[in-house]
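The structure appears below as structure tokens.
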Amino acid sequence: MMRGTNASTPVWLIAWTGLVTLFIVGPLVCVALVSLTPLDYISFPQHSVSLRWYKAILDKPELLGASFNSLVLALFATAGAVALGLPAAMATARQAYPGKQLIIGTLMSPLFLPHILSALAILSAYSAWGWSHQPSRILAAHIALTIPYVLRTLIASLSGLDVRQELAARNLGASHWQVFWRIILPQIRPGLLAAAIFAFIVSFDDVGLSIFLTGAGYSTLPVQLFSYASYNSDPSVAAISVAMVIISFIAVLLVERYFGLEKLIR
Amino acid sequence: MPSDNQSPEGAFLALRSLTKRFDGHAAVNGISLEVKPHEFVSLLGPSGGGKTTLLHMIAGFTEPDAGDILIQGESVRRWPSHRRGAAMVFQSYALFPHLTVFENVAFGLRMRKVGNGEVRRQVSEALEYVRLQGLEKRYPRQLSGGQQQRVALARALILKPRLLLLDEPLSNLDPNLRRELRDNFREIHNQTRMTTLLVTHDIEEAFTTSDRVAILGNGRLEQFDTPQAIYTRPASAFVARFVGHRNIVRGTPAQKEARHFLEIEGTEALLETPGTASSYVIPMNQVRITTDATTPRGYAGMSGVLEKIEYLGALVRFQVKSGGATLVGECLDHQWPVGLQPGITTRACWPLHRMIDLPGAV
């Protein structure tokens with residue numbers, strides 16, 4: 001927990017911190033301001049503010065549909081990545097098995113490979129298999145995309161556990177399943193939550209991979225936004241961006257409220 | 001295992017040629033050992049000696065590659081950990097940090113699906129036994145090291161095990177607390193008479209708590225005997241060194257004009273009867289230091305430079321160096337000859353009949 005700056009904090013550090021903060025928050029503020037302009041083009045509001053560009057979002061059914069798709073996709077991708085990543089992380093953090101480095105390297109590879117490369121490989125694999133159902137195609141790709149984040153967070157979380165706790169529980173009569181539910185799971189819950197949030201955000205935000213896998217029938221919000229912004233330059237793009245930030249923020253707040261992020265991470 | 005001819009039926013715990021290899025290296029190499037009912041036994045040895053692996057095999061965490069484990073005459077080798085009735089207290093305790101003291105202690109009962117009322121009754125009894133009443137709602141991190149250890153003990157004892165296994169339970173504590181908790185173990189043992197196995201690398205801990213001590217080195221059982229027997233009759237140079245003997249010398253018999261001598265590190269000691277070639281331990285407290293040139297009858301002696309004097313409080317420890325050999329001696333502070341300073345030439349001597357013959361070591 002950070003305690004207030006103490007008297008000896010050097011001035012240059014304060015200045016540097018301010019600059020970095022400005023660098024991160026500044027563009028957001030600009031976008032937020034632009035979204036409130038009453039004018040027809042991208043500009044800062046001068047004399048008055050208006051919510052007309054937020055209202056304009058509601059008039060674009062393709063964006064609303066894509067938002068729904070993105071939300072559902074991100075939820076399922078998160079569930080899939082956690083369901084597959086948790087067992088992999090447990091095996092990796094707690095024991096040695098043949099080919100461990102290779103398997104982990106493979107699972108982590110979406111992190112290092114350029115998205116365009118992954119996308120082309122996935123696309124050609126899909127067409128070779130004749131897999132054409134768009135939502136499930138993109139879901140599978142997103143699970144692969146988000147697994148590295150889940151894996152990394154959970155391995156870190158699990159390696160903090162003392163293996164002797166598991167031995168102690170077994171010595172007291174717990175089955176492997178009970179060891180998992182009563183000893184391991186309660187202790188990695190913060191890590192699990194962080195992993196799920198990472199996975200959700202990565203999936204919800206992705207353009208690079210999704211742009212190759214979406215099409216006429218099915219699209220996601222970032223892809224729609226990207227193509228809309230490529231051809232239009234009205235402030236509704238800014239309004240949608242702000243809406244997305246607000247949605248993410250609400251998600252984090254809800255998690256904080258119902259799971260107590262702060263308390264769990266302690 | 002030298003003299004112990006107990007029948008397997010009489011042994012509470014019997015290990016039969018137990019072996020465990022990790023990556024081709026034998027961590028435990030054919031260890032056989034029998035523990036009597038109500039006995040307090042320490043497994044003592046340097047780290048990497050195989051003592052924790054041995055304990056884990058008895059507890060059922062590690063499957064032996066060969067050999068058998070019998071508890072009360074019954075082979076438990078294939079039994080799961082909790083059915084063996086061998087409760088474990090771990091190094092650093094392995095308490096469940098997300099559970100309260102109450103739930104930590106209750107864990108074993110919960111696994112047995114004991115009813116709530118009964119759980120409450122037994123847990124409060126166990127906490128009373130380890131003097132932790134009133135701390136039920138605390139979490140392990142809110143307790144001191146000593147309290148945590150008592151929670152671990154209560155958690156282990158609540159299932160009324162027939163065998164208590166302690167895996168270096170004191171190694172994370174400061175020396176004063178160690179002494180206190182060590183006495184605590186012995187006290188609990190005196191009350192419960194529960195057969196207990198303590199793994200430790202601390203000689204004092206093993207010697208003060210245990211009826212018998214098993215010395216393990218390199219996966220083998222070096223000696224299994226009472227602390228006194230181990231100290232006064234070490235079975236090997238390894239044991240001698242490990243329990244703190246520092247003078248291990250070669251003795252070679254010699255004969256001149258029908259008189260028998262024993263040559264030790266370049267000096268000759270007169271013997272009444274022919275000597276044997278062997279390695280010997282000269283106990284530190286048997287070494288006397290003098291400035292006389294003669295050696296009393298029945299003693300061996302060597303001249304050398306007094307190299308070092310260490311004041312240890314009740315004891316004074318000194319080193320005499322003669323040629324390639326260094327002899328370490330200890331005497332009580334008030335017996336230390338006044339005026340001896342490092343650098344002077346002195347004579348160290350010791351009674352021949354106090355030398356310990358090391359069997360096997362040549």
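The values are calculated or read from the model by the stated rules, or taken from the named source; none is laboratory data. This one's a predicted model, so the numbers in the text were calculated from it and none came from an experiment. Note that we place each Cβ from the backbone using ideal geometry, even for glycine, and neighbour counts take in every protein chain shown. Each accessible area value is taken on the protein alone, full model and side chains, heavy atoms only, with ligands, DNA and RNA left out. Shrake-Rupley method; radii C 1.70, N 1.55, O 1.52, S 1.80 Å.
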Distance in nm between B:Gln341 and A:Ala229 label points, each 7 Å along Cα→Cβ, equals 8.7 nm
In percent, what relative contact order does the stretch B:1-156 have, based on Cα pairs under 8 Å that are 6 or more apart in sequence? 20 percent
In the A-B interface, the accessible area buried, summed over both sides, Å² (probe 1.4 Å): 1800 Å²
Per-residue ³J(HN,Hα) for the stretch A:154-167, Karplus 6.51 cos²θ - 1.76 cosθ + 1.60, θ = phi - 60°, Hz, x for Gly and Pro: 6, 4, 4, 5, 6, 6, x, 8, 7, 4, 5, 4, 5, 4
Can you list residues from other chains, or at least 5 along the same chain, whose modelled amide H is less than 5 Å from the amide H of B:Gln91? B:Asp167
List A:Lys100, B:Lys113, B:Lys36, ordered by accessible area with a 1.4 Å probe, largest first: B:Lys113, B:Lys36, A:Lys100
For B:Lys321, list the lysines whose Cα falls under 19 Å from its own Cα; do not include residues on the same chain fewer than 8 positions away. B:Lys308
Given a 1.4 Å probe, show me the residues in the stretch A:149-194 buried by at least 30 Å² of accessible surface when comparing the whole protein assembly to the chain alone. A:Arg164, A:Gln165, A:Leu167, A:Ala168, A:Arg170, A:Asn171, A:Leu172, A:Gly173, A:Gln178, A:Arg182, A:Ile183, A:Gln187
Complex-versus-alone comparison for the stretch B:144-160, residues with a loss of 10 Å² or more in accessible area, probe 1.4 Å: B:Arg155, B:Leu159
In the neighborhood of B:Met302, defined by Cβ-to-Cβ distances under 14 Å, what is the net charge if each Lys or Arg adds +1 and each Asp or Glu adds -1? -1
Counting only heavy atoms of protein chains, what accessible area per residue, in Å², does the protein assembly as shown have with a probe of 1.4 Å? 51 Å²
Please calculate the 1.4 Å probe accessible area of B:Asp174, with all protein chains present, and give it to the nearest 10 Å². 80 Å²
Using the Cβ atoms and a cut-off under 15 Å, what net charge is assigned to the surroundings of B:Asn176, where Lys and Arg are +1 and Asp and Glu are -1? -3
Which value, in debye to the nearest 20, describes the size of the charge dipole of the protein assembly as shown about its Cα centre when Lys and Arg Cβ atoms bear +1, Asp and Glu Cβ atoms bear -1, and nothing else is charged? 940 debye
Sorted by accessible area with a 1.4 angstrom probe, largest first, how do B:His25, B:His353, A:His47 fall? A:His47, B:His353, B:His25
Inverse of <1/r> over all distinct C-alpha pairs of the protein assembly as shown, i.e. the Kirkwood Rh in Å, gives 31.3 Å
Residues with beta-carbon under 14 Å from that of B:Gly313, excluding B:Gly313: net charge, scoring Lys, Arg +1 and Asp, Glu -1? -2
What percent antiparallel are the DSSP beta bridges of the stretch B:13-241, to the nearest 5? 50 percent
In nm, give the distance between the simple-model label positions of A:Tyr97 and A:Val72, each being 7 Å from the Cα along the Cα-to-Cβ direction. 3.3 nm
What is the magnitude of the charge dipole of chain B about its Cα centre, with +1 placed on the Cβ of each Lys and Arg, -1 on the Cβ of each Asp and Glu, and no other charges, expressed in debye to the nearest 20? 1020 debye
Using a probe of 1.4 angstrom, how much of the accessible area of the stretch B:49-133 is carbon and sulfur, in percent? 46 percent
Which of the three applies to the stretch B:3-97, rounded, prolate or oblate, going by the alpha-carbon gyration tensor with a ≥ b ≥ c and a/c under 1.5 meaning rounded? rounded
Got a sec? Which residues in the stretch A:192-220 would a label at A:Met108 touch, if it sits 7 Å along Cα→Cβ and we count backbone N under 19 Å? A:192, A:195-196, A:198-199
Keeping the other protein chains in place, figure out the carbon and sulfur percent of the accessible area of the stretch A:1-132, with a 1.4 Å probe. 75 percent
Per Stokes-Einstein, at 20 °C and 1.002 mPa s, what whole-number D in µm² s⁻¹ belongs to the stretch B:13-241, with the Kirkwood radius over Cα pairs as the hydrodynamic radius? 118 µm²/s
Please work out how much length the chain gains when fully extended from A:Ser136 to A:Ile247, using 0.36 nm per residue of separation minus the C-alpha to C-alpha distance, in nm with one decimal. 37.5 nm
Over chain A, what relative contact order in percent results from Cα pairs under 8 Å that are six or more residues apart? 30 percent
Could you pull out every one of the aspartates and glutamates with an alpha carbon less than 18 Å from that of B:Lys256, ignoring same-chain neighbours closer than 8 positions? B:Glu265, B:Glu268, B:Glu272
Output the antiparallel fraction of DSSP beta bridges having both residues in the protein assembly as shown, as a percent to the nearest 5. 75 percent
Taking only C-alpha pairs under 8 Å that are 6+ residues apart, what is the relative contact order of chain B in percent? 15 percent
Residue-wise HN-Hα coupling along the stretch A:189-196, computed from phi with Karplus coefficients 6.51, -1.76, 1.60 (Hz; x: Gly, Pro): 3, x, x, 5, 5, 4, 4, 5
Which residues, if any, in the stretch B:71-93 lose at least 20 square angstrom of accessible heavy-atom surface (probe 1.4 Å) when the other protein chains sit next to their chain rather than the chain being alone? B:Ser81, B:His82, B:Phe90, B:Gln91, B:Ser92
Given +1 on the Cβ of Lys and Arg, -1 on the Cβ of Asp and Glu, and no further charges, what dipole in debye does the stretch B:1-141 carry about its Cα centre, rounded to the nearest 20? 580 debye
What whole number of Å gives the distance from the Cα centroid of the stretch A:150-188 to the Cα centroid of the stretch B:39-53? 27 Å
Show A:Trp129, A:Trp181 ordered by accessible area, largest first, where the area counts protein heavy atoms only and the probe is 1.4 Å. A:Trp129, A:Trp181
Using alpha carbon centers only, the stretch A:45-73 is separated from the stretch B:97-127 by a whole-angstrom value of 56 Å
In nm, give the distance between the simple-model label positions of B:Arg83 and A:Ile14, each being 7 Å from the Cα along the Cα-to-Cβ direction. 7.0 nm
